Amino acid sequence: MIKAIRFEKTGGSDVLQYVDYDLPPPPAGQVQVKHTAIGVNFIDTYHRTGLYVLPLPSGVGSEAAGTVAALGEGVTQFKIGDRVGYSSGAIGSYAEANNVPATKLVKLPDGISDEIAAAILLKGMTAQYLLRQIHSVKAGETIVFHAAAGGVGQIGCQWAKHLGATVIGTTTSPDKVALAKANGCAHVLNSHDVGWEKKVREITGGKGVPVVYDSIGKDTFLAGLGCLSPRGIMVTYGNASGPVDPFAPGILAAKGSLFVTRPTLAHYTSTHAELQAVADDLFAVIASGAVKVAINQRFALKDAAQAHDALTSKKTTGATILIP
């Protein structure tokens, strides 16, 4: 029996329950991980509210770090006591332990702590596929990165600056401007200001940018299209303000033969080799010191509802973790 956060119906943070849960031994091909730190991400709130549907009752959370406690039949690439982390493939990380497919686990190098791993695997690997795969950011480019003071934003903006890009970050709070600049942004705009996309044009001398990384969704999508250069790409990878409204594809032609993608980490780490490669790239840029990780909020596992409230009310900066 372990302690875990479970929910039986979708809704507000009050549906999250701290309960005793009977976690079975890991089945074939899976590993039981005893958690030492647990990542908190916006996607967890989407599962809780029902925006992304899970079969109920359910656990919540998909990211954690810890040690291998038990091995299912056929697992040979890990051993008891290995330090590991995961960020997809196993809902239920808000718990003292979880069973995870071995193909979804990565080994943690000595230079990466459990807390750092739990804080960065989802956000950092998301930044990796955004910056290195969807659009390979190059020195001399100017890009737009929304939510620059958030978890993915802080990592992504530092990484983009390290790659030689000029980063135009956005935030919705004047209090977060300094934080965004400290994490690599040369310019910071308030995406609540009407016409913020025109300022992007001014900064770029009218050219626009080749890519916009947008985790906000509904409130910023159409304006974001307006600051792209011809054949630019809109990467809409989150829904902090709600899902993007339906739009006529013709608008993409009118604004310069634009591209739009709605990616997920799972499709960029679909094999274990891809997963390990993305994680290794992330670990390397952190080890180099080019990207620094700020864990600015820590909550006890039992206080997961408070963590969700802090996240959705935009009172958090950087990474948030739960401690079992």
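The values are calculated or read from the model by the stated rules, or taken from the named source; none is laboratory data. Owing to the predicted nature of the structure, the values given are computational and were not obtained by experimental measurement. All Cβ positions, glycine included, derive from the backbone under ideal geometry; neighbour counts span all protein chains shown.
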Next on the checklist: Tell me which strands (runs of 3 or more DSSP E) are completely within the stretch 187-275 and hold 2 or more residues being surrounded by fewer than 20 Cβ atoms within 10 Å (Cβ to Cβ), at pLDDT below 95 and in contact with a strand residue (DSSP E or B) (Cβ under 6 Å, 6 or more places away or on another chain), or say none if there are none.
Outcome noted: none
Item to check | Residue list for the stretch 119-173, restricted to those being aromatic (Phe, Trp, Tyr) and buried (at least 24 other Cβ atoms within 10 Å of the Cβ) | outcome: Phe145, Trp159
Checklist entry - Given the residues Leu179, Leu131, Leu189, which is the only one that is within 16 Å of the chain's Cα centre (by Cα) and on the phi < 0 side of the Ramachandran plot? => result Leu131
Next on the checklist: Being surrounded by fewer than 17 Cβ atoms within 10 Å (Cβ to Cβ) and in a helix (DSSP H, G or I) is the filter here; which residues of the stretch 1-14 pass it?
Outcome noted: Asp14
Checklist outcome for this item: Note on the stretch 276-324: residues of a type in the set (S, T, N, Q), surrounded by fewer than 20 Cβ atoms within 10 Å (Cβ to Cβ) and part of a loop (DSSP other than H, G, I, E, B) are Ser288, Ser313, Thr316
Item to check | Cβ pairs under 8 Å, 6+ apart, first in the stretch 253-281 and at positive phi and not assigned by TED's automatic domain parsing to the domain that holds Val84, second among the charged types (D, E, K, R) and not in a helix (DSSP H, G or I) | outcome: Gly256/Arg231; Ser257/Arg231
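One line per residue, one yes/no per condition, for (1) under 24 Å from Gly232 (Cβ atoms); (2) part of a loop (DSSP other than H, G, I, E, B):
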{"site": "Ala117", "(1), (2)": "no, no"}
{"site": "Tyr129", "(1), (2)": "yes, no"}
{"site": "Gly140", "(1), (2)": "yes, yes"}
{"site": "Ile143", "(1), (2)": "yes, no"}
{"site": "Val152", "(1), (2)": "yes, no"}
{"site": "Lys161", "(1), (2)": "yes, no"}
Checklist entry - Does any residue of the stretch 30-44 turn out to be among the acidic types (Asp, Glu) and either surrounded by fewer than 23 Cβ atoms within 10 Å (Cβ to Cβ) or in a loop (DSSP other than H, G, I, E, B) (or both)? => result no
Checklist entry - For Ile112, are the conditions met, namely being surrounded by 20 or more Cβ atoms within 10 Å (Cβ to Cβ), within 30 Å of Ile216 (Cα to Cα) and touching a Leu at 6+ places or on another chain (Cβ under 6 Å)? => result no
Next on the checklist: Test of understanding: among Gly85, Gly89, which residue is closer than 22 Å to Tyr268 by Cα, in contact with a helix residue (DSSP H, G or I) (Cβ under 6 Å, 6 or more places away or on another chain) and not in a loop (DSSP other than H, G, I, E, B)?
Outcome noted: Gly85
Next on the checklist: Quick check on the stretch 176-184. Is at least one of its residues crowded, with 18+ Cβ neighbours inside 10 Å, not in a helix (DSSP H, G or I) and not aliphatic (A, V, I, L, M)?
Outcome noted: yes
